[in-house]
Amino acid sequence: MNGTFRTDAIATAIAIAAVTALTLIKGDVLFMGLWYYTLVLLGTFALARLIKPKPLFITGGIVAACLSFSMYIYANWTPAPTNDLLGLGHLCSLPGAAIGLLIGAVISRRAKQKSSTAAFVAGISGFGLGFAANQAVLCSTVMSCRALLPFL
């Protein structure tokens, strides 16, 4: 699996189109607005691009961002009294995801491994671990995460 910056840009565009289509067809269940989904994906792309990581790292970060959306969207599709402000939980977990993405990009860039697959996995791991760490802090302090228990 070989990739380039163009592959990362195409993957980002496809992810934005898919999230837009899902939101337009099923509705905005996080009540954040279409702009939010687009900005998270574009922000992930731009933030990772600042470090100039190996090819497919950004695609991995985009996949992880889409997975984080899917967790929250699925949790909000099932009605429960604790699902009121789940979108804010996602928003407040993005700083951790950004830090994890930057750390993963630096590690990926300096790694001796030349594989694009390793860069892809590093992108998913960086975003995902940062998001999960921030989410753990939120869930233990200010937010009820009962709706997200199937994913934890």
Long-range neighbours under 7 Å by Cβ, at least six apart or interchain, first residue in contact (Cβ under 8 Å) with a residue 24 or more places away in the chain within the range 103-119, second hydroxyl-bearing (S, T, Y): G104/S125; A119/S108
If you check G61 against the conditions, is it out of contact with any Ser or Thr (no Cβ under 7 Å at 6 or more places or on another chain), touching a residue at least 24 places away in the same chain (Cβ under 8 Å) and part of a helix (DSSP H, G or I)? no
Hits in the range 37-79 (condition: among the aromatic types (F, W, Y), over 11 Å from the mean Cα position of the chain (by Cα) and closer than 15 Å to G126 by Cβ): F57
Can you tell me which residues in the range 20-50 are touching a helix residue (DSSP H, G or I) at 6+ places or on another chain (Cβ under 6 Å) and at pLDDT below 90? T23, V29, L30, F31, M32, L34
Inter-residue pairs, beta-carbon under 6 Å, first on the phi < 0 side of the Ramachandran plot and aromatic (F, W, Y) and in the range 8-26, second at pLDDT 90 or above and in a helix (DSSP H, G or I), 6+ apart: none
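The values are calculated or read from the model by the stated rules, or taken from the named source; none is laboratory data. Quick caveat: nothing in here was measured; it's all calculated off a predicted structure. A quick note on method: Cβ atoms are made from the backbone with ideal geometry, for glycine too, and the neighbour counts reach across all protein chains shown.
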